[in-house]
Structure formats: C-alpha cells, structure tokens
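Below: one structure, written as structure tokens.
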Amino acid sequence: MAGSKPPPPDVPAFLTREQVSEVLRCSEDTVDRRIRTGKLKAVKDHRLVRISVADLNAYIKASKRWR
C-alpha cells in the first residue's frame, strides 16, 4: 500500500517456514522438526505458522558451535 506507515517498533516481524528454511539453508521439514522439538519457537494461527525474527536470531545464537 502506498503511503502506509511502517509497523510500530514493538510489533515483531514474522517469517514463514519457507523464509526460515532459506535463512538456515535447510528444508522446511527440518524447520518443522525444530519447531516440534521446541528448539525453535513459532506462533501458529490456524494453519499459518510464523517465526519471529527475534526467536530465529536467538535460535541461531544458541546453535553456534564453531569457535
């Protein structure tokens, strides 16, 4: 929409399972498994599954093993 305002800063940005799989370079099935096991937090609204950017960043930070 032209001329629309951006969301307020306290509203988190959400990504789809497909977008998360592209960021993590894995399949959507792997993203689903990580959500089911509780390793990656997600919000489900009926059939829609969304992952907040903050939760994805927390998952990536917690998953780093290379030093």
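The values are calculated or read from the model by the stated rules, or taken from the named source; none is laboratory data. All values derive from a computational prediction rather than experimental measurement. Neighbour counts run over all protein chains shown; Cβ positions are idealised from the backbone, glycine included.
Given the conditions (1) part of a loop (DSSP other than H, G, I, E, B); (2) at pLDDT 90 or above, report the number of the one that N57 does not fulfil.
If we test N57 against (1) part of a loop (DSSP other than H, G, I, E, B); (2) at pLDDT 90 or above, just (1) comes out false.
Please specify each residue of the range 17-35 satisfying the condition of being under 16 Å from S63 (Cβ atoms) and not polar (S, T, N, Q).
Listed by number, the residues that qualify are V20, V23, L24, R25, C26, V31, R33, R34, I35.
Just to be sure, is I35 surrounded by 10 or more Cβ atoms within 10 Å (Cβ to Cβ) and modelled with pLDDT under 95?
So I35 does not fit the description; no.
Of all residues in the range 1-32 being assigned to a loop (DSSP other than H, G, I, E, B) and among the basic types (K, R), which is modelled with the highest pLDDT?
R25
Specify the residue that is surrounded by the most Cβ atoms within 10 Å (Cβ to Cβ); the eligible residues are those in the range 50-67 that are of a type in the set (A, V, I, L, M, F, W, C) and within 9 Å of the chain's Cα centre (by Cα).
Selected residue: I51.
Taking into account only those residues within the range 44-54 that are out of contact with any Phe, Trp or Tyr (no Cβ under 7 Å at 6 or more places or on another chain) and either outside any loop (DSSP other than H, G, I, E, B) or of a type in the set (G, A, S) (or both), which is modelled with the lowest pLDDT?
Selected residue: D45.
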